[in-house]
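The values are calculated or read from the model by the stated rules, or taken from the named source; none is laboratory data. Just so we're clear, the structure is a prediction, and the values are computed from it rather than from any experiment. We place every Cβ from the backbone using ideal geometry, glycine too, and count neighbours over all the protein chains shown.
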Amino acid sequence: MAEQSIHIIDDRSTEDMHTQSGSEWRLLTDGVMGGVSAGQLSPAIIKDRPCLRMRGDVKLDNNGGFVQAALSLSKQSINDIEAYTGLMLQVYGNDEEYNIHLRTSDMWLPWQSYRATFSAPGAWKTLYIPFTEFKPYRIRKALNISKSKRIGFVAIGREFKADLCIGKVGLYK
């Protein structure tokens, strides 16, 4: 991909929980709904690359089942989002499958999202996930990407140890 075809949302150059635009990453778990999954989210350096590392234990007890690194998108990040094809992600993981969730202003319930699945290998990998791959979850409206509000990297749906490093995140054409 040519450099001009990528709009970076976060390149982890801040070395803290913030993006260059000032938005802040935060950890969410199923504890908000009575679940018992636990996690940590912190800046890290993995294989000489700055990243945000999400680790945790996903448990299904008490109707739980997720640990999430969430980022509210700034106006700057989503300006002209309709001009882009999808999300570019640089990830390093533990050979597990994870989800990426998009939330839009069309959603009013916390469990609603548009979801795509990806594998995070034990080496840095750049993924390109087109918006057309995001499927609605507990919402009937089609994805209107211009209404995007939040992105989430999610360990979900089964018991396992999550260990996901998020490098650059951006939009691609």
Problem - Filter result (over 10 Å from the mean Cα position of the chain (by Cα), under 12 Å from L87 (Cα atoms) and in a strand (DSSP E or B)) within the range 153-173 - result: K168, G170, L171, Y172
Handout entry: Residue pairs meeting the criteria (Cβ under 8 Å; at least 6 apart or on separate chains; first over 12 Å from V169 (Cα atoms), in the range 9-25; second modelled with pLDDT of 95 or more and among the aromatic types (F, W, Y))
Key = M17/W25; H18/W25
Practice task
Evaluate the following for D57: is it of a type in the set (D, E), over 25 Å from I8 (Cβ atoms) and more than 16 Å from the chain's Cα centre (by Cα)?
Solution key: yes
Handout entry: From the options A69, A123, A162, A116, residue that is surrounded by fewer than 18 Cβ atoms within 10 Å (Cβ to Cβ), aliphatic (A, V, I, L, M) and on the phi < 0 side of the Ramachandran plot
Key = A123
Practice task
Specify the residue that is surrounded by the most Cβ atoms within 10 Å (Cβ to Cβ); the eligible residues are those in the range 126-142 that are out of contact with any strand residue (DSSP E or B) (no Cβ under 6 Å at 6 or more places or on another chain) and in contact (Cβ under 8 Å) with a residue 24 or more places away in the chain.
Solution key: I139
Exercise for the section: Sort out which residues of the range 110-166 are in contact with a Gly (Cβ under 8 Å, 6 or more places away or on another chain), within 20 Å of S72 (Cα to Cα) and small (G, A, S), and write them in order of number. Expected result: S113, A155
Exercise for the section: State which residue is modelled with the highest pLDDT when the search covers only the range 1-16 and only residues that are over 14 Å from S74 (Cβ atoms) and among the hydrophobic types (A, V, I, L, M, F, W, C). Expected result: I6
Practice task
Could you tell me whether the range 72-84 includes any residue that is assigned to a strand (DSSP E or B), within 26 Å of K147 (Cα to Cα) and either small (G, A, S) or under 17 Å from the mean Cα position of the chain (by Cα) (or both)?
Solution key: yes
Practice task
Give the residue that is surrounded by the fewest Cβ atoms within 10 Å (Cβ to Cβ), with candidates limited to residues of the range 94-110 that are farther than 30 Å from K47 by Cα and under 15 Å from the mean Cα position of the chain (by Cα).
Solution key: T104
Fill in the blank from the handout: Within the range 143-152, of all residues that are part of a strand (DSSP E or B) and of a type in the set (K, R), the one surrounded by the fewest Cβ atoms within 10 Å (Cβ to Cβ) is K149
